[in-house]
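Enquirer: What follows is a structure written as structure tokens; I'll ask about it next.
Where a number appears in this text, it was derived from the coordinates with a stated rule and is not lab data. Keep in mind the model is a prediction, meaning the values are calculated, not measured. All Cβ positions, even for glycine, are placed from backbone atoms using ideal geometry, and neighbour counts span all protein chains on display.
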């Protein structure tokens, strides 16, 4: 056996055709070894990278909730308002109304985009449109989120939501 072989090459050469049980056992060994020398932020980045490959770079409920919980905006009084800004039912309802406008995105991708737009633009929209009530402001936010996802010249295609938050330099 060549010792200058990397783990991928070794696994491909000797593991191919050995069955799922062998591959899971191999992955467990590699995972334990890698995680033993990683910091928590490195582990989180690796988990997200692996999940991104497995999911086709689309959000699931757990990752969406985690990312949304970190979003906030500061109002005129200096108070922070953290996401989520909509209930799951409200997001599902809005997504169901507009899903044909954002093909390739799932409800959790939309939830992240929607909450991100509110956290980034709510104070500005309040400044630009002081006469808006909350319903009108939220309608503007929905339209902005849809537009953000439909942005044809973005470098991520229909994986923009996941990739925007998980493609760190």
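Enquirer: From the helices alone, meaning DSSP H stretches of at least four residues, give me the mean residue ellipticity at 222 nm for the chain, per-run term -39500 (n - 2.57), in deg cm²/dmol to the nearest 500. If you can, show how the numbers build up before the last one.
Expert: On the way: 8 runs with 108 residues, N = 169.
Using -39500 (n - 2.57) per qualifying helix, the result is -20500 deg cm²/dmol.
Enquirer: To the nearest 10 degrees, how steeply does helix 88-98 sit against the main Cα axis of the chain, on a 0 to 90 scale?
Expert: Between the helix axis and the principal axis of the chain, the angle is about 80 degrees.
Enquirer: Please build a GNM for the chain, connecting alpha carbons under 10 Å apart, and tell me which residue among 78, 17, 104 fluctuates the most.
Expert: Comparing 78, 17, 104 in the GNM, the peak value goes to 17.
Enquirer: For each of 39, 26, 159, count neighbouring Cβ atoms within 10 Å of the residue's Cβ, then give the residues from fewest to most. Can you show the working numbers first?
Expert: Numbers: 39 8, 26 16, 159 21.
Starting with the residue having the fewest Cβ neighbours, the order is 39, 26, 159.
Enquirer: Also, I was wondering about something else. Please determine, in degrees from 0 to 90 and to the nearest 10, the orientation of helix 134-150 with respect to the longest principal axis defined by the Cα atoms of the chain, where the helix direction is its Cα long axis.
Expert: It works out to around 40 degrees.
Enquirer: I would also like to ask the following. Going by C-beta contacts inside 10 Å, put 76, 143, 137 in order with the fewest on the left. Present the calculation step by step, with values, prior to reporting the outcome.
Expert: Working: 76 8, 143 13, 137 16.
With the fewest neighbours first, 76, 143, 137 line up as 76, 143, 137.
Enquirer: Oh, and also: Over its Cα atoms, what ratio of radius of gyration to 2.2 N^0.38 Å does the chain give? Please report the intermediate quantities before stating the final value.
Expert: On the way: Rg = 20.8 Å, N = 169, 2.2 N^0.38 = 15.5 Å.
Taking the Cα Rg and dividing by 2.2 N^0.38 Å, one obtains 1.35.
Enquirer: Run the Debye formula on the Cα coordinates of segment 36-106, all scatterers equal and no solvent, and tell me log10 I(q)/I(0) at q = 0.25, 0.26, 0.27 1/Å.
Expert: -1.15, -1.17, -1.19
Enquirer: Could I ask something else about it? Pick from 41, 84, 123 the residue whose mean-square fluctuation is largest in a GNM of the chain, springs joining Cα atoms under 10 Å.
Expert: Residue with maximal mean-square fluctuation among 41, 84, 123: 41.
Enquirer: Next question, about the same structure. Considering only 156, 129, 110, give the residue with the highest GNM mean-square fluctuation for the chain, with springs between Cα atoms whenever their separation is below 10 Å.
Expert: Ranking 156, 129, 110 by mean-square fluctuation puts 129 first.
Enquirer: Under 8 Å for C-alpha pairs, at least 6 residues apart: give me the relative contact order for the chain, rounded to a whole percent.
Expert: On the way: 124 pairs, mean separation 37.3, N = 169.
Relative contact order, the chain: 22 percent.
Enquirer: For the residues 133, 153, 88, what sequence is obtained by ranking on other C-beta atoms within 10 Å, fewest first? Working shown, then result.
Expert: Numbers: 133 9, 153 4, 88 14.
The order, fewest Cβ neighbours first, is 153, 133, 88.
Enquirer: In addition: Round to a whole angstrom and tell me the spacing of the C-alpha centers of segment 1-42 and segment 56-73.
Expert: 29
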